[in-house]
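These notes concern the structure reproduced below.
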Amino acid sequence: MAWSTRELADLAGTSVRAVRHYHHVGLLAEPQRRANGYKQYGVAHLVRVLRIKRLADLGFTLPQIAELGDADQHPRDALRGLDAHLARTLDRLQDARSEIQQILQQAAPTDIPPALAARIRDTDVSDADRALLIVLTRVLGLAVVTDFVDTLRGLPPSPAATAFDQLPADADDATRHELATRLLPRSRTLRVMLPRLRSATDGLSAAANRTVDVAARDLYNPAQFDVLRRVELLLRSRPGPIRIPQVGVAKGSDRVTGATPLGLTVPQRHGVHSGVITAVAPSRTPGRP
């Protein structure tokens, strides 16, 4: 008894295209051909295709099936490995379902983790601060960022922080200097209150530091970023009783070459503050000319 490619595919519950692909990748041996050139498949081919299909349905990839060979043996190690992989997949899917449920319950946006969305849901977080918080969850980890937001909950509103949020890009030099001076006390306080954030940023790679630096420069206008720079300079020149991490200063200028802004507090409703603060300024972070 011999079958054509179409008949073999129908018997195995697959497609002609799949059978041809099995040939192409070396999973299925080529059959003999009739005098007219058409392929003729036998029982061995059908059994092989059924095995390939069965293993694929279980979750094996075609390269993995190829590694198992043609012998009809019990692939104990391969099955155990696949089972462990599927268990991890199920865990990820369950986590995804749980997150989807939280998003639905909170009517939260999909671009921010639910745990963070819940903390800033009833606040007036600016678009820039929100975007930067999302970046920070990727760089510092969700736990560190949520701790940061939780810490900010206990701080009173700051008129200076509000002024920073509303600072126009063309603010004059005097306005920038005055605002940086007003922000200095809160910046000092946050450096002390956020040791976990400082610890996390201490271990960042140069690439991660640059990611935060680029994000902040992109999201805040030039005047706001200049105020952040000035706050760093003031922290260095007026350290007070608090130990401030060292930052580099370009020779012949007052430009901070190591300051990586991780935000500036902006008061929101219910005592919640958005933004990022310069809790740590790693010296390896490249400055911007």
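Values in this text are rule-based calculations from the coordinates and carry no lab data. Nothing here was measured: the structure is a model prediction, and the numbers come from that model. Reconstructed Cβ throughout: ideal geometry from the backbone, glycine too, with neighbour counts over all protein chains shown.
Quick one: if the Förster radius is 41 Å, what FRET efficiency do R97 and A207 give, using the C-beta to C-beta distance and rounding to 0.05? E between R97 and A207, to the nearest 0.05, is 0.80.
The peptide list 169-181, 79-91, put in order of mean Cβ contacts within 10 Å with the highest first, becomes 169-181, 79-91. Taken as Cα centroids, the range 96-157 and the range 6-80 sit 49 Å apart, rounded to the nearest whole angstrom.
A Cβ-based charge dipole, computed about the Cα centre of the range 150-199 with Lys and Arg at +1 and Asp and Glu at -1, lands at about 480 debye.
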